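Asks: Submitted below is the structure of interest, expressed as structure tokens.
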Amino acid sequence: MREIRRNALTATAIAASEDAVETARRHLVQPWPFAGSVGAEARALIGEGDGIYITDGDGKRLIDGPAGMWCVNVGHRRKELAEVMYDQAMALSYNTPWYTMNAPSAELAERIAGHAPGDLSHVFFTTGGSSAVETALRFMQFYNNVRGRPEKKLILSRGGAYHGSTYLSASLNGRPRDRDWMDGADELIVKLSSPNPFRRPAGMSVGDFADFLVDEFAETVARIGAGRIGAFVGEPVQASGGVVIAPDGYLRRIREICRQNDILYVSDEVVTAFGRLGHVFASDDVFGIEPDMITFAKGVTSGYFPLGGVVISARLMEELRRSNHPDAMFGHGLTYTSHPVGCAVALRNLDLLEGGVLEHARQVAPYFQAKLKTLEELPLVGEVRGAGLMACVECVADRESNDPLLIDKDVGKRIDAHCHELGLLVRPLINMCVMSPPLVISTEQIDDMVAILREGISRTMEDLRREGVWRG
Ligand SMILES: Cc1ncc(COP(=O)(O)O)c(C=O)c1O
């Protein structure tokens with residue numbers, strides 16, 4: 001393992017970092033807090049980023065394992081992205097999208113449409129992923145109201161899903177704990193099983209599991225009635241649910257049932273779009289499906305500016321234009337819809353992706369997956385799975401039962417703590433560690449990342465054994 005360099009942070013800079021953490025503890029409400037520490041929490045301060053690295057408040061350089069939140073796709077400190085934001089802000093920092101428009105948003109919509117599958121040709125820009133999912137669902141409601149089908153509004157979602165933190169998008173979420181203490185629009189949502197083959201019923205083959213999932217979908221549509229179901233929302237790879245890759249062909253079969261039943265298929269590509277799987281969009285290029293809408297965010301600006309959006313099928317647009325209600329209004333828009341600075345940086349980011357980053361991601365992905373797979377040698381690791389440049393290391397109490405090690409709910413956090421010491425930021429998820437580094441990562445840097453992760457897991461195994469909570 002290579003030595004982790006410490007950046008030469010001055011004593012003044014370190015003191016300023018400590019001040020910031022203390023100030024946050026007094027005044028900042030951080031996301032996903034527990035009641036016992038809400039508004040009083042000290043989190044690791046990140047001071048700088050460069051390429052695949054970030055530097056914490058103590059000056060320790062870390063590999064940015066999750067690329068922020070699956071978003072810093074072209075890496076940190078890209079001068080060309082900083083410059084384009086400066087230039088656009090100096091030219092036009094904002095215009096109201098209510099009754100004016102700007103050129104970067106029109107150009108970006110055209111370029112995104114050029115990458116989108118099938119007849120997906122129109123883009124509505126939002127502020128991020130939750131607002132993108134919210135927009136897609138409100139569009140479905142509007143579409144069915146205009147068509148005279150006001151009862152066709154239910155939304156199908158799955159266990160293990162994560163679609164956002166606004167009311168309707170969060171109502172779709174199906175990960176453990178997300179909804180334990182939160183309300184939701186439950187009357188609008190129908191939940192289906194998680195498509196996670198690793199957690200399929202004991203004794204069932206993966207092929208039979210795919211049939212089970214498809215049958216469940218078809219039976220649910222038949223039981224409730226297609227006339228009441230407006231949309232299915234699904235991530236091509238369930239990202240925050242632990243990089244869950246459904247059995248082969250399952251998504252195509254679900255797509256077909258949706259088509260036959262006039263149910264809009266919303267492919268939530270907030271994580272998978274803009275390079276994570278080596279393509280601008282993964283729905284068709286990787287999974288062979290042409291959805292009715294695709295939601296995106298994160299990688300569209302590589303996290304340099306909050307931006308998201310929905311790509312919508314030309315067929316839906318056409319149907320609305322030809323409806324009997326030309327005056328019906330889609331009463332939906334955000335102050336920052338089509339933000340000129342966000343769209344300008346997204347255009348430059350897309351240049352970088354098209355200009356080599358996508359190609360690089362496709363080239364290093366097999367190495368990334370193979371290297372991480374070697375961690376299955378460790379007895380604490382039940383499975384390493386992934387696609388493109390996203391992967392999950394799932395820890396289990398033992399490989400016979402694949403018990404998710406809930407005896408120690410924070411095993412992911414323990415691994416993260418050791419890795420932080422060693423120079424790697426990990427995304428801990430209960431008993432899992434999710435890895436999704438910037439797409440520009442090199443094979444040598446992948447070696448470093450996996451070596452640190454291996455050592456972090458080994459140290460965690462020693463801790464668990466010493467504490468007597470695990471005997472692997
Ligand atoms: C698949 C998916 N959809 C939607 C969202 C919500 O995006 P945002 O946090 O930008 O609102 C996320 C966030 O991680 C996500 O992973």
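The values are calculated or read from the model by the stated rules, or taken from the named source; none is laboratory data. Here the structure is a predicted model, which is why all the values come from computation and not from measurement. FYI the Cβ positions are ideal-geometry reconstructions off the backbone, even for glycines, and counts take in every protein chain you see. Heads up: the accessible areas ignore ligands, DNA and RNA and are worked out on the full protein's heavy atoms, side chains in. Shrake-Rupley method; radii C 1.70, N 1.55, O 1.52, S 1.80 Å.
Asks: So for the range 208-306, taking the charge dipole from beta-carbon charges (+1 Lys/Arg, -1 Asp/Glu), which of Phe281, Ser302, Pro236 sits furthest toward the positive end?
Replies: Going by the Cα projections, it comes out as Ser302.
Asks: Another question, if that's okay. Provide the three semi-axes, in whole Å and in decreasing order, of the ellipsoid equivalent to the chain as defined by the square roots of 5 times the Cα gyration tensor eigenvalues.
Replies: One finds semi-axes of 36, 29, 20 Å for the chain.
Asks: When a/c is below 1.5 the answer is rounded, else prolate if a/b is larger than b/c, else oblate, so apply that to the range 252-349 with a ≥ b ≥ c taken from the square roots of the Cα gyration tensor eigenvalues.
Replies: It comes out oblate by the Cα gyration axes.
Asks: Determine the calculated [θ] at 222 nm for the chain from helices alone, applying -39500 (n - 2.57) to every DSSP H run no shorter than 4 residues and normalising by the residue count; nearest 500 deg cm²/dmol.
Replies: My calculation for the chain gives -12000 deg cm²/dmol from helical runs alone.
Asks: Oh, and also: Any chance you could look up the accessible area of Val440 with a 1.4 Å probe, heavy atoms only, rounded to 10 Å²?
Replies: Accessible surface of Val440 is approximately 40 Å².
Asks: Separate question: Work out the length of the dipole vector of the chain about its Cα centre, built from +1 on the beta-carbon of each Lys and Arg and -1 on the beta-carbon of each Asp and Glu, and round it to the nearest 20 debye.
Replies: 400 debye
Asks: Now a separate question. Would you mind classifying the range 123-203 by shape? Square roots of the alpha carbon gyration tensor eigenvalues, ordered a ≥ b ≥ c; an a/c under 1.5 is rounded, otherwise it is prolate if a/b is larger than b/c and oblate if not.
Replies: prolate
Asks: What is the range 248-391's relative contact order, in percent, from Cα pairs under 8 angstrom and six or more apart in sequence?
Replies: 22 percent
Asks: Okay, next question. Can you tell which of Leu464, Pro104, Ala40 lies farthest toward the positive end of the dipole of the chain, using +1 and -1 charges on the Cβ of basic and acidic side chains (Lys, Arg; Asp, Glu)?
Replies: Ala40
Asks: Using modelled backbone amide H atoms (1.01 Å from N, in-plane), which distant-in-sequence or interchain residues come within less than 5 Å of Val190's amide H?
Replies: Ile155, Leu156, Ser157
Asks: Convex hull over the Cα atoms of the range 46-201, averaged projected area in nm²?
Replies: That works out to 14.6 nm².
Asks: Just the number please: accessible area per residue for the chain, 1.4 Å probe, all protein chains included, in Å².
Replies: Each residue of the chain exposes 43 Å² on average to a 1.4 Å probe.
Asks: About its Cα centre, how strong a charge dipole does the range 21-131 have in debye, to the nearest 20, once Lys and Arg get +1 and Asp and Glu get -1 at the Cβ?
Replies: For this selection, approximately 300 debye.
Asks: Please report, ordered by residue number, every helix of the chain (full DSSP H runs) that is 15 Å or longer along its axis going by C-alpha atoms and whose mean Kyte-Doolittle hydropathy reaches -0.5.
Replies: Span-like helices in the chain: 11-27, 79-91, 103-115, 129-146, 206-224, 340-352, 411-422.
Asks: Can you bin the range 264-309 into rounded, prolate or oblate? Criterion: square roots of the alpha carbon gyration tensor eigenvalues sorted a ≥ b ≥ c, rounded for a/c under 1.5, prolate for a/b above b/c, oblate for the rest.
Replies: oblate
Asks: Work out from phi, with θ = phi - 60° and the Karplus expression 6.51 cos²θ - 1.76 cosθ + 1.60, the ³J(HN,Hα) of each residue of the range 159-164, listed in order in whole Hz, and give x for Gly and Pro.
Replies: Listing the rounded values in order: x, x, 7, 9, 10, x Hz.
Asks: Output the peptides 13-20, 169-176 sorted from most to least packed, where packing is the average of other Cβ atoms within 10 Å over each peptide's residues.
Replies: Most protected by this proxy first, the peptides run 169-176, 13-20.
Asks: Now a separate question. Taking amide H positions as placed 1.01 Å from N in the peptide plane, with prolines and chain starts having none, which residues 5 or more places from Asp284, or on another chain, fall under 5 Å of its amide H?
Replies: Sorted by chain and number, the residues that satisfy this are Ile289.
Asks: Okay, next question. Work out the count of Lys pairs in the chain where the Cα-Cα distance is under 29 Å, with the pair 8 or more places apart or on different chains.
Replies: Summing the qualifying lysine pairs gives 21.
Asks: Leaving out ligands, DNA and RNA, and with a 1.4 Å probe, what % of the accessible surface on the chain is carbon or sulfur?
Replies: Here it works out to 53 percent.
Asks: Report relative contact order for the range 1-137 in percent, whole number only (criteria: Cα-Cα under 8 Å, sequence separation at least 6).
Replies: 15 percent
Asks: Choose one of Gly249, Ala365, Ile312: the residue whose Cα lies farthest towards the positive end of the charge dipole of the range 229-369 (beta-carbon charges +1 Lys, Arg; -1 Asp, Glu; about the Cα centre).
Replies: My answer, from the dipole projection, is Ala365.
Asks: Calculate the radius of gyration of the Cα atoms of the range 319-472 to one decimal place, then report Dmax, the largest Cα-Cα distance, as a whole number, both in Å.
Replies: 21.7, 71
Asks: So, taking all protein chains as they sit and a 1.4 Å probe, how much accessible area belongs to Leu372, in Å² rounded to tens?
Replies: 0 Å²
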